[in-house]
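First up is the structure itself, then whatever we jot down about it.
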Amino acid sequence: MTDPRHTPPLLRSPEEDVVAKLLRLAGPREPVPTDRASRVKAQVRADWHAMVRQRQRRRVWRAVGLGTGLAAAVLLALRVPGPGQNARVAVLEREYGSVQMTPAAVPPEPSASTGAGVAEIVQGTWIETDPHGRAALRLRGGSSLRIDVATRVRLASDSELLLARGAVYFDSAAHDQRVIVRTPLGTARDIGTQFEVRLGDGTLRIRVREGSVDLDASGTTGMAHEGEELELTSTGTLSRATVPVQGADWAWIQSIAPPFVLEGRSFRAFLDWYARETHQLVDISRLRGDRPEDVLLHGDARTLTPEEALEAVLPTCGLSQRRVGSVVFLEPLAGTARGRRTMSAGGAR
């Protein structure tokens, strides 16, 4: 507040004029003793330093708290799996020989054999078979994936595979699922199909049993259709040829085919499974009596290949087979009648 005594009279308000008169009557104030002024100044200075130190401590603790929170967040992020980590992408349906599985984010050396006890396979798992081992997997989307001997492959997801060596076979069956197979030489993309991808020394081969497969390899592209194969060399040479869709070239596919659950299923369902696995045509025009969809099967054929299962099932249904080329003709056995049947791996019971 301005001292009214220093304000010109014409500019003073009535209240300021009264205050000025009182101050003149009071006269000058006695000066504050030097020692008292020094003590007051010292106390003010001490209080000010204390206040500054307190503010600094608060800033430090806030920084520490923020750093601790950040550290905790980082640790939590490292410990809590992110989206997709450890997600199940397939289940193991069948295996024989040595099949090693190693879940990892990078290609490791296989450390332990999983054996038949493993049911679920998580994203990122590397699967390796020895020269006598094979495996059949059911992908999360429902399609069948089979792994040949001496193969190393990684399941990047339920729709993307990384093939380091060997061969894999994919069958989308009735499932609307697509898969990408990446290799060092090129990438195969299927278009609703059954196909094999085999990576050898300096060559990549794609064989198609059904549908089509697109190949992309650093500018070299091609498409293989049913009954065709593409072969790409490490020098970029691409060749095309025709191949049969059944027979010895596909024998390994049948040897590791997912088991058909026979118990309570119809004879028609069994024949459909057999025909798709072998690409043989099954002729039932000579059958008499019950329709295949009305005949129920019982027993266990999980250890049998499709050909072995057919040989075991037909006699229990009173049937025999006759082959002409790629056609399997089913005929009734003499003196038998078809109906509700029971079978086992060893035959009728």
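Scan region 191-198 and give yes if some residue there is more than 18 Å from GLU160 (Cα to Cα) and in the same structural domain as GLY141 (by TED's automatic domain parsing), otherwise no. Let's see the steps before the verdict.
As a first pass, look at region 191-198 and keep what is more than 18 Å from GLU160 (Cα to Cα): none.
No, there is no match, as no residue in region 191-198 is more than 18 Å from GLU160 (Cα to Cα) and in the same structural domain as GLY141 (by TED's automatic domain parsing).
Any chance region 165-185 includes a residue that's in contact with a strand residue (DSSP E or B) (Cβ under 7 Å, 6 or more places away or on another chain), within 23 Å of GLN100 (Cβ to Cβ) and part of a loop (DSSP other than H, G, I, E, B)?
yes
Please work out which one of (1) modelled with pLDDT of 50 or more; (2) part of a loop (DSSP other than H, G, I, E, B) is the condition GLU128 fails and give its number.
Exception for GLU128: condition (2).
How many residues are of a type in the set (Ser, Thr, Tyr) and modelled with pLDDT of 95 or more when one looks only at region 169-201?
Of region 169-201, the ones of a type in the set (Ser, Thr, Tyr) are 169, 172, 183, 187, 193.
Now drop any that are not modelled with pLDDT of 95 or more, which leaves 169, 183, 187.
So the answer is 3.
Give the number of residues within region 211-220 that are part of a strand (DSSP E or B) and either touching a residue at least 60 places away in the same chain (Cβ under 8 Å) or farther than 23 Å from TRP252 by Cβ (or both).
Residues in region 211-220 being part of a strand (DSSP E or B) and either touching a residue at least 60 places away in the same chain (Cβ under 8 Å) or farther than 23 Å from TRP252 by Cβ (or both): 4 in total.
For region 124-153, enumerate the residues that are surrounded by fewer than 21 Cβ atoms within 10 Å (Cβ to Cβ), closer than 22 Å to THR187 by Cβ and out of contact with any Lys or Arg (no Cβ under 8 Å at 6 or more places or on another chain).
Answer for region 124-153, where residues must be surrounded by fewer than 21 Cβ atoms within 10 Å (Cβ to Cβ), closer than 22 Å to THR187 by Cβ and out of contact with any Lys or Arg (no Cβ under 8 Å at 6 or more places or on another chain): just GLY141.
Considering only region 236-259, I want to know if a residue exists there that is out of contact with any strand residue (DSSP E or B) (no Cβ under 6 Å at 6 or more places or on another chain), among the aliphatic types (A, V, I, L, M), in contact (Cβ under 8 Å) with a residue 24 or more places away in the chain and surrounded by fewer than 19 Cβ atoms within 10 Å (Cβ to Cβ).
no
Enumerate the pairs (first residue in region 266-278 and more than 19 Å from ILE256 (Cβ to Cβ); second residue anywhere and surrounded by fewer than 18 Cβ atoms within 10 Å (Cβ to Cβ)) with beta-carbon separation below 7 Å, excluding pairs fewer than 6 apart on the same chain, so at least 6 apart or on different chains.
SER266/GLU293; SER266/LEU296; ARG268/GLU293; LEU271/VAL282
Could you tell me which of the residues GLU210, GLU231, GLU226 is more than 24 Å from the chain's Cα centre (by Cα), more than 26 Å from ASP158 (Cβ to Cβ) and surrounded by 14 or more Cβ atoms within 10 Å (Cβ to Cβ)? Explain how you work it out, then say what you get.
Numbers: GLU210 fails: more than 26 Å from ASP158 (Cβ to Cβ); GLU226 fails: more than 26 Å from ASP158 (Cβ to Cβ).
Being more than 24 Å from the chain's Cα centre (by Cα), more than 26 Å from ASP158 (Cβ to Cβ) and surrounded by 14 or more Cβ atoms within 10 Å (Cβ to Cβ) holds for just one of GLU210, GLU231, GLU226, which is GLU231.
Working carefully through the options ALA217, ALA248, find the one that is within 29 Å of the chain's Cα centre (by Cα) and of a type in the set (A, V, I, L, M). If you could, list the steps in order and put the result at the bottom.
Details: ALA248 fails: within 29 Å of the chain's Cα centre (by Cα).
None of the others qualify; the one that does is ALA217.
Take the residues of region 267-292 that are small (Gly, Ala, Ser) and within 16 Å of VAL313 (Cα to Cα): which is surrounded by the fewest Cβ atoms within 10 Å (Cβ to Cβ)? Spell out the reasoning first.
At the first step, the residues of region 267-292 found to be small (Gly, Ala, Ser) are 269, 275, 285, 289.
Checking the rest, the ones that are also within 16 Å of VAL313 (Cα to Cα) come to 269, 275.
On the way: ALA269: 17, ALA275: 14.
Taking the candidates together, the pick is ALA275.
The values are calculated or read from the model by the stated rules, or taken from the named source; none is laboratory data. From a predicted model like this one, the values you see are computed outputs, not experimental measurements. Note that we place each Cβ from the backbone using ideal geometry, even for glycine, and neighbour counts take in every protein chain shown.
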